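The values are calculated or read from the model by the stated rules, or taken from the named source; none is laboratory data. This one's a predicted model, so the numbers in the text were calculated from it and none came from an experiment. Glycine also receives a Cβ, built like all others from the backbone with ideal geometry; neighbour counts cover every protein chain displayed. Just the protein is used for accessible areas: all its heavy atoms, side chains included, with ligands, DNA and RNA removed. Shrake-Rupley method; radii C 1.70, N 1.55, O 1.52, S 1.80 Å.
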Amino acid sequence: MSPDATKPSHWCSVAYWEHRTRVGRLYAVYDQAVSIFYDLPQGSGFCLGQLNLEQRSESVRRTRSKIGFGILLSKEPDGVWAYNRGEHPIFVNSPTLDAPGGRALVVRKVPPGYSIKVFDFERSGLLQHGPEPDAADGPYDPNSVRISFAKGWGPCYSRQFITSCPCWLEILLNNHR
């Protein structure tokens, strides 16, 4: 038996983005839940405050200051949940949040202190067999979730694409790959 055979597999990877630039490496998640935050004393998880980028715009600096306690991302039997632990809303898009057969991008606003099922495993299985939706927002990945801190995007916002948001996460799920 190889040493890699006993190593547990990660259930997701998290990428942190500032507008169109990925900052830092992919963060692999092995535990059932992970905290993603800016600066949390004695916290464990993915600390975005530790990620450095030589030049940051003022809008990125302002938005980073609003991340605070961030989110708790957890893998549950029915799907993946995000709990907003910060003091500002988060905005979420996922293939399993979109209306069935809908052509419009659905972005959900999650106020501080609230949670949302960002990815539904059962619904995802049904979507795997359907046609790929029109993806004007870049490549389409049926196993990913996008979460923006403090700034929304989509048809109801001045930012049409998530890459226009100052600080956002891409959650790449491993469960269906």
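Of note:
- Residue check for Pro3: of a type outside the set (Phe, Trp, Tyr), at pLDDT below 95 and under 30 Å from Glu122 (Cβ atoms): no
- Filter result for Leu127 (among the hydrophobic types (A, V, I, L, M, F, W, C), closer than 21 Å to Trp17 by Cβ, at pLDDT below 80 and open to solvent by 30 Å² or more (accessible area, probe 1.4 Å)): no
- Total residues in segment 89-105, condition modelled with pLDDT under 90 and open to solvent by less than 30 Å² (accessible area, probe 1.4 Å): 3
- Looking across segment 52-80, the residues that are in contact with an Asp or Glu (Cβ under 9 Å, 6 or more places away or on another chain) and either among the aromatic types (Phe, Trp, Tyr) or farther than 24 Å from Ser9 by Cβ (or both) come down to Leu53, Arg56, Ser57, Val60, Thr63, Arg64, Lys66, Ile67, Gly68, Phe69.
- Candidate set: segment 106-124, residues that are open to solvent by less than 40 Å² (accessible area, probe 1.4 Å) and in a loop (DSSP other than H, G, I, E, B); chosen: the one modelled with the lowest pLDDT: Val106
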